[in-house]
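A.B. asks: Submitted below is the structure of interest, expressed as structure tokens.
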Amino acid sequence: MQRTARASGQCSRNGASRGRRGAGAVVGVALALALAGPLGGCLCPPEAEELLAVGFRTPRQALESFQTYLRADLPTQEYLCFSEGFRRRNRLSAATYGEGRERLFDEQPWLKFFAKAEVVGERAVGREEHWIDVRVLGRTVRVKLVREGFYEILAGPDLLGDAYADFDALVAVSEQGPRPSLVARLPLEVDADELEGLSELTVARHWKIDAFYELGAQDEPLPSATPEPQP
């Protein structure tokens, strides 16, 4: 990534760099937002099949899930699409996301139209990072996604423990017995007797949105994207 790209994952305020696009572009965006309404006005709500297809198993699925939740106007689910780092840098929590969402929209007006963004390029950056370029509101935005490990322990409706964690440290292959097996080692913060009602264990590694970068004319585009195979 060249340094000329600006990271809105850090949510910088509108400043001199934004001014290079000219007042006309800012006025145009503001007018479009005013005419379009809170989330783009003419956005059609997602079909049931699209809501059932959401998930975070691949970078493209994570991106499309965010778009689906925007179209459905489901802020709580939108929040789940962001990485732990994005939430920390932007001072977001599940309780404050409603407020934080409006701030994100104010700082990056094109984000309201992100549900209509079209993927134009992408590149894997190692095993834990992926970049996707999209076109939205006449500009190219690079989305940085990262893969995060976490675990969750439930006893019926009660959450006994959850945390972000190194997936490889949680899961290991055991060679004991006639066949290899996977063993999950999860830290416990409750007494053993509370595990009698244990109902669900989740150990996963999901792709999440970590930053948005608005690209300039001098930034090199990513290779053209190909449709992701459907499961």
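A.B. asks: Considering LEU111, LEU92, which residue is crowded, with 17+ Cβ neighbours inside 10 Å, aliphatic (A, V, I, L, M) and more than 17 Å from GLN67 (Cβ to Cβ)?
C.D. replies: LEU92
A.B. asks: For GLY126, which of the numbered conditions (1) crowded, with 19+ Cβ neighbours inside 10 Å; (2) without any contact (Cβ under 8 Å) to a residue 40 or more places away in the chain fails to hold?
C.D. replies: (1)
A.B. asks: Separate question: Among residues belonging to region 172-209 that are in contact with a Gly (Cβ under 9 Å, 6 or more places away or on another chain) and among the β-branched types (Val, Ile, Thr), point out the one that is modelled with the highest pLDDT.
C.D. replies: ILE209
A.B. asks: Take SER65 and decide whether it is part of a loop (DSSP other than H, G, I, E, B) and either of a type outside the set (A, V, I, L, M) or surrounded by fewer than 19 Cβ atoms within 10 Å (Cβ to Cβ) (or both).
C.D. replies: Judged against the criteria, SER65 is not a match.
A.B. asks: Please determine, by comparing only the residues of region 129-169 that are of a type in the set (D, E, K, R), farther than 22 Å from VAL190 by Cβ and more than 18 Å from the chain's Cα centre (by Cα), which one is surrounded by the fewest Cβ atoms within 10 Å (Cβ to Cβ).
C.D. replies: The first filter runs over region 129-169 and keeps only residues of a type in the set (D, E, K, R), leaving 129, 133, 135, 139, 142, 144, 147-148, 152, 158, 162, 166, 168.
Those still in the list that are farther than 22 Å from VAL190 by Cβ too: 129, 133, 135, 139, 142, 144, 147-148, 168.
Then keep just the ones that are more than 18 Å from the chain's Cα centre (by Cα); that gives 139, 168.
Values: ARG139: 14, ASP168: 9.
By that ranking, first place goes to ASP168.
A.B. asks: It is to be established whether one or more residues within region 185-207 are farther than 29 Å from ILE132 by Cα, among the small types (Gly, Ala, Ser) and in contact with a Phe, Trp or Tyr (Cβ under 8 Å, 6 or more places away or on another chain).
C.D. replies: no
The values are calculated or read from the model by the stated rules, or taken from the named source; none is laboratory data. As the structure is a prediction and not an experimental result, all values here were calculated from the model. Here the Cβ is made from the backbone with ideal geometry for all residues, glycine too, and neighbour counts use every protein chain on show.
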